[in-house]
Amino acid sequence: MSDLEALKAKVDWMEQILRANGVEGPWLTPPRAAPILGVSRDKILAEIKNAEYRRANRKPSDLTYGTHYRNVADPGAEVPAWQVHIIEFAEFLKIPPEERK
């Protein structure tokens with residue numbers, strides 16, 4: 001088996017594991033993303049809340065709406081339905097908390 005074939009086999013295996021756990025893509029709700037990211041659901045929501053505050057006040061943030069997180073609730077819904085992009089959010093979490101905007 002070539003290196004490329006071995007890599008494809010590993011990717012296929014990981015995709016099967018993710019599908020078996022209900023992960024069909026990179027966008028997940030905070031409760032589903034939390035164990036994958038190794039942080040609590042509340043931590044994810046706190047980071048989103050801070051990013052939304054900064055976005056509303058036109059302040060810079062390391063967390064970007066549409067890249068790291070999004071709201072998939074119907075327009076006008078009273079409660080947001082947050083999702084995080086687990087790959088992008090994981091990159092954000094690598095920034096030390098004291099260095100985050």
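Quick one: which residue in Arg55, Arg70 is in contact (Cβ under 8 Å) with a residue 12 or more places away in the chain and either open to solvent by 60 Å² or more (accessible area, probe 1.4 Å) or within 23 Å of Glu99 (Cα to Cα) (or both)? Explain how you work it out, then say what you get.
Details: Arg55 fails: in contact (Cβ under 8 Å) with a residue 12 or more places away in the chain.
Just a single option satisfies the conditions, and that option is Arg70.
Residues of segment 28-59 being at pLDDT 95 or above, charged (D, E, K, R) and part of a helix (DSSP H, G or I), which ones?
Arg41, Asp42, Lys43, Glu47, Lys49, Glu52, Arg54, Arg55, listed by residue number.
I'd like the full set of residues that are without any contact (Cβ under 8 Å) to a residue 24 or more places away in the chain and over 21 Å from Lys59 (Cα atoms), limited to segment 81-93.
none
Here are some conditions: (1) within 19 Å of Lys101 (Cα to Cα); (2) touching a residue at least 40 places away in the same chain (Cβ under 8 Å). Pro30 meets all but one. Which one does it not meet?
Status for Pro30: all satisfied but (1).
In contact (Cβ under 8 Å) with a residue 12 or more places away in the chain and among the charged types (D, E, K, R) - does that describe any residue in segment 34-44?
no
Filter segment 89-101 for residues that are modelled with pLDDT of 95 or more, open to solvent by 70 Å² or more (accessible area, probe 1.4 Å) and within 13 Å of Thr64 (Cβ to Cβ) and give the result.
Of everything in segment 89-101, just one residue is modelled with pLDDT of 95 or more, open to solvent by 70 Å² or more (accessible area, probe 1.4 Å) and within 13 Å of Thr64 (Cβ to Cβ), namely Glu91.
Please specify each residue of segment 5-35 satisfying the condition of being open to solvent by 90 Å² or more (accessible area, probe 1.4 Å) and closer than 14 Å to Ala90 by Cα.
Of everything in segment 5-35, those that are open to solvent by 90 Å² or more (accessible area, probe 1.4 Å) and closer than 14 Å to Ala90 by Cα turn out to be Arg32, Pro35.
The values are calculated or read from the model by the stated rules, or taken from the named source; none is laboratory data. Since we're looking at a predicted model, the values are computed, not measured. Don't worry about glycine lacking a Cβ; one is built from the backbone with ideal geometry, like all the others, and counts go over all protein chains shown. Please note that ligands, DNA and RNA were not included when accessible areas were found on the heavy atoms of the full protein model with its side chains. Shrake-Rupley method; radii C 1.70, N 1.55, O 1.52, S 1.80 Å.
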